[in-house]
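Step one of this worksheet: look at the structure below.
Where a number appears in this text, it was derived from the coordinates with a stated rule and is not lab data. Note that the structure is predicted; figures quoted are calculated from it, not measured. Here the Cβ positions follow ideal geometry from the backbone for every residue, glycine too, while neighbour counts run over all protein chains shown.
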Amino acid sequence: MENTVKQIALYGKGGIGKSTVSSNVSAALSKSGEQVMQVGCDPKRDSIATLCGKLMPTILGRIGEAKKVTEEMLTSVVFQGFNGVLGCESGGPKPGMGCAGKGVNLALQLLDQFQIFEKYGVTFVLFDVLGDVVCGGFAQPMRSGYAREIYLVTCEEALTLFQVNNIIKAAHKLAGMGADVGIAGIIDNM
């Protein structure tokens, strides 16, 4: 995927405040003139709730309802929130019923396939990614060139630091395998 827009990912342990930080960054970028899209890569589907004022339907949820994946189906789950920030949620399977990482991977592939970022004139994409488990699906934003820059949201708690260390290891390993990705910064959400 050729990066024609600025694309970053925020990773961190669940509950650390990634979605709040992501929403604030998206809002600030929109205020500075960027056309922003925030993509929630977490089955909880709470990434864009702050921007939109409530939980919104997801890509995987809509796929489950549809007989066929179409551009219209995909655009039906792109929502406009605070100051024109666009957002969508990958969603995920019911607990115990599937792999959320595969769902994230599918959602990103569909956004790419239907050129959603280009069609909406997006200049900045922010991926809000669950970082508790750095499996292949949750690593997709850094592994497949969707986001070259990774920002880690952390605090001083031992488990959080453990997860951040795992994400750093994953980014380092993927970079060693040829992925164009690196850790660009750490956000201390105290």
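Stretch ASN166-SER76 to full length: gain in nm at 0.36 nm per residue minus the Cα-Cα span? Kindly include the intermediate steps, with their values, before the conclusion.
Numbers: separation 90, 0.36 × 90 = 32.40 nm, distance 3.50 nm.
Full extension from ASN166 to SER76 adds 28.9 nm.
For the chain, DSSP calls about 5 percent of its internal beta bridges antiparallel.
Give the calculated FRET efficiency between ARG62 and GLU156 to the nearest 0.05, with a Förster radius of 25 Å applied to their Cβ-Cβ distance. Mind showing how you got there, number by number?
Details: r = 39 Å, r/R0 = 1.57.
The pair ARG62/GLU156 has a calculated efficiency of 0.05.
Under the rule of -39500 (n - 2.57) per DSSP H run of 4 or more residues, summed and divided by the residues of the chain, what mean residue ellipticity at 222 nm is obtained, to the nearest 500 deg cm²/dmol? Let's see the in-between values first.
Numbers: 8 runs with 71 residues, N = 190.
It lands at -10500 deg cm²/dmol.
Phi-derived couplings, Karplus 6.51 cos²θ - 1.76 cosθ + 1.60 at θ = phi - 60°, listed residue by residue for the stretch 114-127: 8, 6, 4, 4, 5, 5, 8, x, 5, 9, 8, 10, 10, 9 Hz, with x used for Gly and Pro.
State, as an integer percentage, the relative contact order of the chain based on alpha-carbon contacts under 8 Å between residues 6 or more apart. RCO, the chain: 31 percent. If you take the square roots of the eigenvalues of the alpha-carbon gyration tensor of the chain and sort them as a ≥ b ≥ c, do you get rounded (a/c under 1.5), prolate (a/b over b/c) or oblate? Rounded is the answer for the chain, as its axis ratio a/c remains below 1.5.
Starting from the Cα of LYS67, draw a straight line to each of the lysines and keep only those under 25 Å, dropping any in the same chain fewer than 8 residues away. Candidates past the 8-residue exclusion: LYS44, LYS94, LYS102, LYS119.
Computed from Cα positions, the angle between helix 100-113 and the longest principal axis of the chain comes to roughly 50 degrees. Between LYS54 and ALA175, the simple label model (points 7 Å from Cα in the Cβ direction) yields a spacing of 4.3 nm. Once the Cα atoms are used to define both axes, helix 18-31 deviates from the longest principal axis of the chain by about 60 degrees. Sorting LEU174, LEU159 from the fewest to the most surrounding beta carbons within 10 angstrom yields LEU159, LEU174.
Taking 7 Å steps out from each Cα toward its Cβ at GLU118 and ALA28 produces label points 3.1 nm apart. Counting every other Cβ atom within 10 Å of each residue's Cβ, LEU126, LEU86, LEU74 order from fewest to most as LEU74, LEU86, LEU126.
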